[in-house]
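The values are calculated or read from the model by the stated rules, or taken from the named source; none is laboratory data. As the structure is a computational prediction, the values presented were derived from the model and not from experiment. Cβ coordinates were reconstructed from backbone atoms using ideal geometry, including for glycine residues, and neighbour counts include every protein chain displayed.
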């Protein structure tokens, strides 16, 4: 196990986690302390970025001279401010949830639905559609093919954080949709050791959050 914690600060160094088949690099970019994640195959060098949130120069410095795809987790502007510049510089293919694509000003080449496998080279991610924070948010589940008994890795955008689900603007219907989706599609399916990489702030695990599910439901956010 590496000493990766996922704790990053805006303007600070990236955090790097080496998995058997993949390297995950996490960086915080401004002005809203967004996390951007670069996934790189340790075999082929294929590179996938999750959320070109801001500071395209910072993101491009991580990717170097090659970026094969950018996946945008949802349509909120703080998650795609750097997307146009990153795509222009690299020619990376764009992916986003079908119901959010129209809200992203850079055209989406690949529309993603619930349960789809997003396959870029030898990197495969399962898309999990979650409705409530936005209509078309997607979380992305990675299972390391070189370590089939290893822990799952889940990139949740703004749908799941340490301490709760994402913002639903005090709309009860939206909260119930997001909460029930997170419980059914994530907590009911995946083990406690699943590592969660959120769109802002620190990482967590499902095991750390599971005891608080009833509390989240009662408070309504």
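So which residues in the stretch 62-73 are over 20 Å from residue 195 (Cβ atoms) and at pLDDT 95 or above, if there are any at all? Working first, answer last.
Just the residues of the stretch 62-73 that are over 20 Å from residue 195 (Cβ atoms), to begin with: 63-70, 72.
Those that are over 20 Å from residue 195 (Cβ atoms) and at pLDDT 95 or above: 67, 68, 69, 70, 72.
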Per the filter on the stretch 170-206, residues loosely packed, with under 13 Cβ neighbours inside 10 Å and assigned to a helix (DSSP H, G or I) are 172, 173, 184
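Each row is one residue, and each column tells you yes or no for (1) assigned to a loop (DSSP other than H, G, I, E, B); (2) in contact with a strand residue (DSSP E or B) (Cβ under 9 Å, 6 or more places away or on another chain); (3) closer than 22 Å to residue 152 by Cβ; (4) modelled with pLDDT of 95 or more.
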residue	(1), (2), (3), (4)
81	yes, yes, no, yes
87	no, yes, no, yes
95	no, yes, yes, yes
102	no, no, no, yes
106	yes, yes, no, yes
119	no, yes, yes, yes
Residue list for the stretch 21-51, restricted to those being in a loop (DSSP other than H, G, I, E, B) and under 16 Å from residue 196 (Cα atoms) | 51
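Looking only at the stretch 52-77, filter to residues that are part of a helix (DSSP H, G or I) and touching a helix residue (DSSP H, G or I) at 6+ places or on another chain (Cβ under 7 Å); which one of those is farthest from residue 10 (Cα to Cα)?
Among residues in the stretch 52-77 that are part of a helix (DSSP H, G or I) and touching a helix residue (DSSP H, G or I) at 6+ places or on another chain (Cβ under 7 Å), the one farthest from residue 10 (Cα to Cα) is 63.
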Kindly check whether there is at least one residue in the stretch 141-155 that is more than 19 Å from residue 73 (Cα to Cα) and without any contact (Cβ under 8 Å) to a residue 12 or more places away in the chain.
-> yes
